[in-house]
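One structure is given below, encoded as structure tokens.
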Amino acid sequence: MRSHGAAIIGGGIAGTSVAAELVAAGVERPVLLEAEPELARHTTGRSAASYIPGHGPPSTQALTAASEDRFEALADEAGHGFLRPRPVLRVATTAEEERVLREELLPLGPVTELGPDDAVRRWPALRPGAVRAAAVVEDARDADPIGLHQHYRQRFRALGGEIRTGARVVGLGRRGSGWRVTVDDGGTIDTDLVVVAAGAWTDRVLALAGAAPVGLTAYRRTIAIARIPPGAPVRPDDPFAVSAGDRWYAKPEGTHLLVSPSEETPQEPGDARPDELDVALALERVNAVTTLGLRSVVTTWAGQRTFAPDRALVVGDRPEHPGLHVFAGQGGSGIETAPAAAALAASVVLGVEMPADLRRHGVRAADYGVRRIL
């Protein structure tokens with residue numbers, strides 16, 4: 001007899017959202033296991049989240065598009081929204097960035113080209129003469145990652161799900177036709193379904209079951225909250241400004257400015273820490289294209305973004321490990337794709353037809369399957 005209908009390993013947005021979808025679909029007594037003392041400690045809790053149509057590879061774009069209506073449904077359910085308008089301004093200040101903007105970004109559809117003067121009008125902090133080309137995603141929005149995570153957590157618990165924090169998985173093996181999960185306090189969980197949604201730690205958890213790794217790589221991303229000098233031309237409703245070459249980004253954060261050098265530094269799974277040189281680089285790169293003259297920061301942090309080799313989400317199992325599923329590799333799109341990605345993952349785990357709204361937006365399970373990268 002199974003003690004739980006499913007065990008979901010990982011308490012970030014991936015694990016919590018798919019756990020909520022599974023219990024809503026009728027899975028009895030699912031349990032969510034998180035190694036840390038609290039949920040969402042690493043990536044989810046450190047996100048500078050936005051909802052950006054057209055962001056990422058085509059498979060991610062489909063999930064982002066399919067998430068829009070689901071975000072609205074979640075807002076109705078919660079009584080408050082998780083998205084608020086903030087256009088994304090793509091800025092090209094070099095010849096190479098201009099090429100990227102024209103050849104790779106503008107063909108995406110939801111992106112509208114702007115002239116340099118229009119770009120400066122949209123974000124007056126830009127340095128006159130620095131902009132070669134620009135484009136705007138008008139339908140982009142800020143997202144509330146903590147609020148979204150809390151809503152999924154509350155839904156999961158309200159429907160009978162159990163959450164265990166400080167429960168590091170140290171064993172994962174077959175037991176009859178199902179699985180036995182062992183946690184570091186010596187406790188065990190017997191279940192038919194295991195969903196490994198452990199972000200950068202996913203391959204390590206798979207190794208406990210003798211399963212081949214997906215090949216995930218974790219990359220550090222540094223963020224700083226910079227003080228805005230008095231009189232600087234920054235407004236609360238300014239766009240989220242992003243380098244067309246992904247060399248920096250900046251957006252208002254209260255009375256300050258959130259900035260990043262958009263770096264991708266490979267590192268082992270762990271508690272990411274900001275590097276002082278990367279913080280300085282963020283200020284340097286933003287100052288180079290603006291008149292802001294940023295000099296100091298209020299606070300800094302870093303998070304890990306985890307990608308599969310092809311940078312697409314990974315969902316599914318392997319024939320030799322029935323009932324052991326992976327839901328990982330969200331990279332920098334874990335929040336904006338969460339509603340649709342969780343619904344996709346739940347349908348794959350349960351072996352049922354994908355929701356019709358996902359199919360309408362071009363979501364195809366094969367584009368995210370584990371077997372595509374093996």
Neighbours by Cβ (under 8 Å, 6+ apart or cross-chain): first from segment 57-84, at pLDDT 95 or above and assigned to a helix (DSSP H, G or I); second crowded, with 20+ Cβ neighbours inside 10 Å and of a type in the set (K, R): E77/R155
Residue among L344, L257, L313 that is touching a Phe, Trp or Tyr at 6+ places or on another chain (Cβ under 6 Å), at pLDDT 95 or above and buried (at least 23 other Cβ atoms within 10 Å of the Cβ): L313
Filtered residue count, segment 76-98, keeping only those that are touching a strand residue (DSSP E or B) at 6+ places or on another chain (Cβ under 8 Å) and surrounded by 15 or more Cβ atoms within 10 Å (Cβ to Cβ): 12
Where A198 falls short, out of the listed (1) exposed (fewer than 14 other Cβ atoms within 10 Å of the Cβ); (2) of a type in the set (G, A, S); (3) in the same structural domain as Q61 (by TED's automatic domain parsing): (1)
Residue within segment 255-262 that is in contact with a strand residue (DSSP E or B) (Cβ under 8 Å, 6 or more places away or on another chain), under 30 Å from L63 (Cα atoms) and not in a strand (DSSP E or B) present: yes
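Regarding segment 337-351, can at least one residue be identified that is hydrophobic (A, V, I, L, M, F, W, C) and over 27 Å from L22 (Cα atoms)?
Of the residues in segment 337-351, the ones hydrophobic (A, V, I, L, M, F, W, C) are 338, 340-346, 348-350.
This time we only want the ones that are over 27 Å from L22 (Cα atoms), so: none.
No - not one qualifying residue is present in segment 337-351.
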Odd one out for V348, checked against (1) in contact with a Lys or Arg (Cβ under 8 Å, 6 or more places away or on another chain); (2) under 17 Å from T202 (Cβ atoms): (1)
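Residues checked against (1) more than 24 Å from V363 (Cβ to Cβ); (2) touching a strand residue (DSSP E or B) at 6+ places or on another chain (Cβ under 6 Å); (3) assigned by TED's automatic domain parsing to the domain that holds R174:
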{"residue": "A14", "(1), (2), (3)": "no, yes, yes"}
{"residue": "L22", "(1), (2), (3)": "no, no, yes"}
{"residue": "R29", "(1), (2), (3)": "yes, yes, yes"}
{"residue": "A40", "(1), (2), (3)": "yes, no, yes"}
{"residue": "A49", "(1), (2), (3)": "no, yes, yes"}
{"residue": "I52", "(1), (2), (3)": "no, yes, yes"}
{"residue": "T60", "(1), (2), (3)": "no, no, yes"}
{"residue": "S67", "(1), (2), (3)": "no, no, yes"}
Filtered residue count, segment 178-195, keeping only those that are farther than 17 Å from V27 by Cα and either hydroxyl-bearing (S, T, Y) or crowded, with 23+ Cβ neighbours inside 10 Å (or both): 3
Condition check for T222: in a strand (DSSP E or B) and either surrounded by 16 or more Cβ atoms within 10 Å (Cβ to Cβ) or in contact with a helix residue (DSSP H, G or I) (Cβ under 7 Å, 6 or more places away or on another chain) (or both): yes
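Of the residues V23, V27, which is buried (at least 21 other Cβ atoms within 10 Å of the Cβ), in contact with a Lys or Arg (Cβ under 9 Å, 6 or more places away or on another chain) and either closer than 28 Å to R359 by Cβ or at pLDDT below 95 (or both)? Steps first, answer last, please.
Details: V27 fails: in contact with a Lys or Arg (Cβ under 9 Å, 6 or more places away or on another chain).
Matching residue, one of V23, V27: V23.
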Strands (runs of 3 or more DSSP E) contained in segment 102-193 and holding at least 1 residues within 26 Å of the chain's Cα centre (by Cα) and aliphatic (A, V, I, L, M): 133-137, 141-143, 162-164, 169-175
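Can we say A40 is within 26 Å of L258 (Cα to Cα) and assigned to a helix (DSSP H, G or I)? If you could, list the steps in order and put the result at the bottom.
Values: within 26 Å of L258 (Cα to Cα): yes; assigned to a helix (DSSP H, G or I): no.
No.
From T16, T60, T64, grab the single residue that is touching a Lys or Arg at 6+ places or on another chain (Cβ under 7 Å) and crowded, with 21+ Cβ neighbours inside 10 Å.
Values: T60 fails: touching a Lys or Arg at 6+ places or on another chain (Cβ under 7 Å); T64 fails: touching a Lys or Arg at 6+ places or on another chain (Cβ under 7 Å).
None of the other options fit; the residue is T16.
The values are calculated or read from the model by the stated rules, or taken from the named source; none is laboratory data. All values reported here derive from a predicted model rather than from experimental measurement. Note that we place each Cβ from the backbone using ideal geometry, even for glycine, and neighbour counts take in every protein chain shown.
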